[in-house]
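Just so it is clear, none of the values below were taken in a lab; they were calculated from the coordinates. What you see is a predicted model; the values in this text were computed from it and never measured. Neighbour counts are summed over all protein chains in view; Cβ atoms, including those assigned to glycine, are modelled from backbone coordinates with ideal geometry.
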């Protein structure tokens, strides 16, 4: 299916690895002009090279920290007019509630929530003026299935759902949409370290550790495996396209059935 993205300009934050990188690659393969952001020049350049590799699509990068007001301003200045904004930047950690400091809370909100708030505030007016645009927040299944050891992370992901739905209300009667995507546990560069930190035997083979994680910490999962980043990117590419025009204000799941509700 042609997603009709050729010539559309897309900005993907936190796209030097993991889900963000796969989203950038999926959009580029569909013909979009892709801009990715990152804080490290070497990683940013490497990501641009890998996204270009499949077809030498138009891909560029902005070196900036989207989690800061200064970084968001740099991004908005470097890419003043875009068609698609994917608020992918995010971090997570496992920490017991009593050990989560005020600084921890503030840091996760700056990275996971305020990065998307600032960039949406910068780009939504232009999208409304041009009467076309897509804003997509990469949330998490943890927004609804709250892990007891990641309450601060889950709270930021729930906040993203509220922001996404609220912004969608501002697009009433236009061809601009705002949606959120909720991936489940997804394979990424740092996931093995996280899984080993949760395992009863951190030295066990990673396949055994992964199976234990889903049997205990994520038992409701129907897939009972890690989700691949490209599986998330496929849904994001569709939401970014003109073909998703009737989907607005939605929170869509790519969590493998981990959320054990139908609403």
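First obtain the Kirkwood hydrodynamic radius of the range 11-136 from its Cα pairs, then insert it into the Stokes-Einstein equation at 10 °C and 1.306 mPa s, and state the resulting D in µm² per second as a whole number. Using the Kirkwood radius from Cα pairs, D works out to 106 µm²/s. Against the main long axis of the alpha-carbon atoms of the chain, helix 18-29 sits at an angle near 30°. Report the FRET efficiency, 1/(1 + (r/R0)^6), for residue 204 and residue 129, where r is their Cβ-Cβ distance and R0 is 51 Å, rounded to 0.05. With a Förster radius of 51 Å, E is 0.40. For residue 247 and residue 52, a Förster radius of 25 Å and the Cβ-Cβ distance give a FRET efficiency of 0.30, rounded to the nearest 0.05.
For the chain, modelled as a GNM whose springs connect Cα atoms under 10 angstrom apart, the maximal fluctuation among 217, 58, 122 occurs at 217.
Relative to the longest principal axis of the Cα atoms of the chain, helix 41-52 runs at roughly 70 degrees. Counting neighbouring Cβ atoms within 10 Å and putting the fewest first, the residues 8, 157, 77 line up as 77, 8, 157.
Counting only DSSP H runs of at least 4 residues, each contributing -39500 (n - 2.57), and dividing by the residue count of the chain, the helix-based mean residue ellipticity at 222 nm comes to -12500 deg cm²/dmol.
Over the chain, what is the mean sequence separation of C-alpha contacts under 8 Å (at least six apart), divided by residue count, expressed as relative contact order in percent? About 20 percent, as a whole number.
Cα centroid separation, the range 11-90 to the range 145-197: 19 Å. For the chain, set up a GNM with springs between Cα atoms under 10 Å and report which of 139, 197, 120 has the largest fluctuation. In the Gaussian network model the winner is 197. Angle of helix 115-130 to the longest C-alpha principal axis of the chain, folded into 0 to 90 degrees and rounded to 10: 30°. Among 135, 222, the ranking by other beta carbons within 10 Å of each residue's beta carbon, starting with the fewest, stands as 222, 135. Length gained on full extension, residue 170 to residue 149, computed as 0.36 nm times the residue gap minus the Cα-Cα distance: 4.1 nm. Stretching the chain fully between residue 2 and residue 40 yields a gain of 10.3 nm (0.36 nm per residue, less the alpha carbon separation). Work out the FRET efficiency for residue 197 and residue 63 from their Cβ-Cβ distance, taking R0 = 30 Å, and round it to the nearest 0.05. Calculated transfer efficiency: 0.50. Based on the convex hull around the alpha carbon atoms, the range 121-196 presents an average projected area of 6.1 nm². As a proxy for reagent exposure, 83, 45, 102 were ordered by neighbouring Cβ count within 10 angstrom, fewest first; the result is 102, 45, 83. For the range 1-82, the relative contact order comes to 28 percent (Cα pairs under 8 Å, sequence separation of at least 6).
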